[in-house]
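Visitor: Take a look at this one; I'll ask things after.
The values are calculated or read from the model by the stated rules, or taken from the named source; none is laboratory data. A quick note: this is a predicted structure, and the numbers were derived from the prediction, not measured. The protein model used for the area step is the full one, side chains on, heavy atoms only, and it has no ligands, DNA or RNA in it. Shrake-Rupley method; radii C 1.70, N 1.55, O 1.52, S 1.80 Å.
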Amino acid sequence: KRAAKRYSCQWTVEMKVGHAEHRVMVRDVSDTGIGIISPVEIGAGRSVSLRRQHDEPWLEARVMHSTLTVGRYKLGVIIQFEDSGTRPMRGDETPQLAESLIVLSRLKLSRGDAAAAELLVRECLTIRQNALPPGHWITAMAQSVLGECLMAVGRYAGAEPLLLESYPNIKKGLGPEDERALTALSRIVQLYEAWGKPEQADEYRAMSE
């Protein structure tokens, strides 16, 4: 991780060590690992599991180094795969990898690099489509993020079907009041506003009221 380019971020995630679960802060992300601030000591070589929310799959990782700083532990972890030990985040088409890809894509999108984000989301989408049944809300989440990537670079015609097809599946899987469903709906509104189609924007905006 230290040899790769890192991007600062502040996300609170769940970390499981054995049977114990902790809320920890992600402080940076690279293409090959994650930097974590932990309230508990975890030695190098120890396996941990990470996930952003309780209804998402665990992402297996291994601690590569641990440093005590001002009463907290700075951990450097990389993703671990069952078939060949520890590997970089990218390069293997597994469901666990999909979660890493979507996290990195959101980070790059937030930094204005929509082109790089698009490539990551497309890889994530392929993995999820192969691993999950058709219409699964987790796959739909990747479709919605991909639509946002295309919208960010003005490719509105390409973004429209992704956003319109993904929203019903997200709403069905999570419920219309879930924050992620509302975010997917707001992307549709933003699309039509940016595209100069106010009537369609108003139609979908009314669904959130």
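Visitor: Tell me, what HN-Hα J-couplings in whole Hz come from the Karplus equation 6.51 cos²θ - 1.76 cosθ + 1.60 at θ = phi - 60° for each residue of the stretch 103-111, using x for Gly and Pro?
Guide: Rounded to whole hertz, the list is 5, 5, 5, 5, 5, 5, 5, 5, 9.
Visitor: So how much slack lies between Ala131 and Glu56, counting 0.36 nm per residue of separation and subtracting their Cα-Cα distance, in nm?
Guide: Working it through step by step, the gained length comes to 25.6 nm.
Visitor: Let me ask you something else. Sort Glu193, Glu118 from largest to smallest accessible area, using a 1.4 Å probe on the heavy atoms of the protein chains.
Guide: From most exposed to least exposed: Glu193, Glu118.
Visitor: Right, here's the next one. Would you please classify the overall shape of the stretch 99-209 from the alpha carbon gyration tensor, given that a ≥ b ≥ c denote the square roots of the eigenvalues, rounded means a/c under 1.5, and beyond that prolate means a/b larger than b/c while oblate covers the rest?
Guide: Judged from the Cα gyration tensor, the stretch 99-209 comes out oblate (a/c at least 1.5, b/c at or above a/b).
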